[in-house]
Amino acid sequence: MAIIQSAAATAVPWLLILFLFSVSPIGFRSAVAHQLAADGTVIELNDSNFDTAISTFDHVLVDFYAPWCGHCKKLSPVLDAAAPVLAKLNQPVVIAKLDADKYRKLASKHEIDGFPTLKLFVHGVPIEYTGPRKAEQLIRFLKKYVAPDVSVLKSDSAVYSFVDEAGKDFPIFIGFGLNESSISQYGLRYKKKSWFAVSNDFSEEVMVAYDFDKTPAFVAIHPSYDEHSVFYGPFEGEFLDDFILQNQLPLVVPIKSETLKLLNNDERRIVLTVVGDELEAQSLKLIKILRSAATANRDLVFAYVGVKQWGDFADTFDVNKNTRLPKILVWDRNEEYHLVEGSEILDDIEDLGSQLSRFLKGFREGRTIKKGISGPSFIGFINSLVSIKTVYLIVFLVAVLIVLRKWAQQGDAVHYTRHGRSEDEDASKPPEIASQRDYRPTDKED
């Protein structure tokens, strides 16, 4: 009997300790954290686990939504698709969601003024997410965003893995024999546009693979176009600036809506070649020659477009069914372009290189004819970049602004209700619930 009493007396303090731990903030947070896992699912947040979630994970993308919001319902499957991919990154990104209509104090704390609102919490610090909202693009954006500004690669396998995992969507810059500090400013400046890394531990096999024969060397790689360039210095000032800026684009740029957006950030003139079909054998031969010319003329951007691939764009430069092709010109990016006298048509298939050289020489010497982009076709080109959904959205927003302006002119305060609830219903509710009507985020457009 005495033994039983002694055992019971010994167990009581332990039970007391476990009880105190379970009800203490530390114990509670540990229990909540144990329930949160980066398992590839979207975590449902509330007022009891929100702070724990953003402190447990380094990167958390939080969707502040409302159950009645149509745009939120469209975004939900996108986040469901992205979550398992982002959870497997070297720098995992956890996706979570919070019903901001239900947990209004949290929504107000984080200044949520519309639905859906996405915020990326980086080590607990909130950053407004303004990136794409389609699954593939969202994954690509966040994968690049959470990566280090400059990665340090300590072996051949690390170099190959870095290039492979970076994918084909952004240019890759690797400094062989360079210190991280020498390119850190570029890693930060181009964080959303390019991958940067340095390596001081590599073999001759890597030098052969990336075609450099001495160090230090700065290699630019465009995986999508199977291109790379090597820069041997000087690694300071405008020389390195120019190399990185020029290699944001491939040597020869195929003109399409995506690449036109990239060209907006480049101030160089564009040597544009218009061909019938980009995929024809003669066009592919010409593109190869353009690539060689681009290597020696980095102050210009070389580009091409096929009439078959994007006829509306080609039409803006007076190309029609009677035009002899390939046609070559220099575009200033505005409403004007330049032809070189006697060299605007590359019609000698056997001697394209010489023709291109004469064109470039004539342009450098100023033997050009200025032309204006044709009006109607240029409008058609602009329209090809704007979807009908965008037009509808603009019309809708204008209509909303007109209505809001009329309401503002009435001079009286307008009381808003939702789902047919009356002021009398709110008067019968406790003050803390009724006061929630002061905070009403709106439905945010995607």
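The values are calculated or read from the model by the stated rules, or taken from the named source; none is laboratory data. As the structure is a computational prediction, the values presented were derived from the model and not from experiment. Don't worry about glycine lacking a Cβ; one is built from the backbone with ideal geometry, like all the others, and counts go over all protein chains shown.
Taken together, the residues in the stretch 136-162 that are farther than 25 Å from Lys214 by Cα, outside any loop (DSSP other than H, G, I, E, B) and of a type outside the set (A, V, I, L, M, F, W, C) amount to 6.
Strands (runs of 3 or more DSSP E) fully within the stretch 33-135 that include at least 3 residues being crowded, with 18+ Cβ neighbours inside 10 Å: 59-65, 94-99, 117-122. Applying a threshold of 7 Å to beta carbon distances and a minimum spacing of six or more residues, or different chains, the list of pairs starting in the stretch 193-222 at a residue that is in contact (Cβ under 8 Å) with a residue 24 or more places away in the chain and ending at one that is of a type in the set (Ser, Thr, Tyr) and assigned to a strand (DSSP E or B) reads Ala197/Ser151; Ala220/Ser229.
None of Tyr232, Tyr190, Tyr210 is among the hydroxyl-bearing types (Ser, Thr, Tyr) and within 24 Å of Gly131 (Cβ to Cβ) except Tyr190.
Taking the criterion of being of a type in the set (Ser, Thr, Tyr) and under 15 Å from Lys109 (Cβ atoms), the only residue of the stretch 41-54 that qualifies is Ser48.
Filtering the stretch 314-322 for residues that are loosely packed, with under 14 Cβ neighbours inside 10 Å and basic (Lys, Arg) leaves a non-empty set.
For Ile139, the criteria (1) touching a strand residue (DSSP E or B) at 6+ places or on another chain (Cβ under 7 Å); (2) assigned by TED's automatic domain parsing to the domain that holds Ala53; (3) aliphatic (A, V, I, L, M) hold in every case but one, which is (1).
Restricting attention to the stretch 173-201 and to residues that are surrounded by 21 or more Cβ atoms within 10 Å (Cβ to Cβ) and hydrophobic (A, V, I, L, M, F, W, C), the residue that is farthest from Tyr160 (Cα to Cα) turns out to be Ile183.
Applying the set (1) assigned by TED's automatic domain parsing to the domain that holds Glu165; (2) at pLDDT below 90 to Glu267 leaves exactly one unmet item: (1).
From the list Leu245, Leu329, Leu346, the one residue that fits, being more than 32 Å from the chain's Cα centre (by Cα) and either assigned by TED's automatic domain parsing to the domain that holds Ile183 or of a type in the set (A, V, I, L, M) (or both), is Leu346.
Yes or no: Phe235 more than 27 Å from the chain's Cα centre (by Cα), farther than 30 Å from Val319 by Cα and surrounded by 15 or more Cβ atoms within 10 Å (Cβ to Cβ)? Against the criterion (more than 27 Å from the chain's Cα centre (by Cα), farther than 30 Å from Val319 by Cα and surrounded by 15 or more Cβ atoms within 10 Å (Cβ to Cβ)), Phe235 qualifies. Where strands (runs of 3 or more DSSP E) fall entirely within the stretch 323-380, those with at least 2 residues that are surrounded by fewer than 15 Cβ atoms within 10 Å (Cβ to Cβ) and at pLDDT 90 or above are at 368-372. Counting only strands (runs of 3 or more DSSP E) that fall entirely inside the stretch 163-263 and contain at least 3 residues that are under 17 Å from Leu153 (Cα atoms), the qualifying elements are 172-176, 195-199, 217-222. Tallying residues that are more than 14 Å from Glu180 (Cβ to Cβ) and surrounded by fewer than 15 Cβ atoms within 10 Å (Cβ to Cβ) within the stretch 144-159 yields 2.
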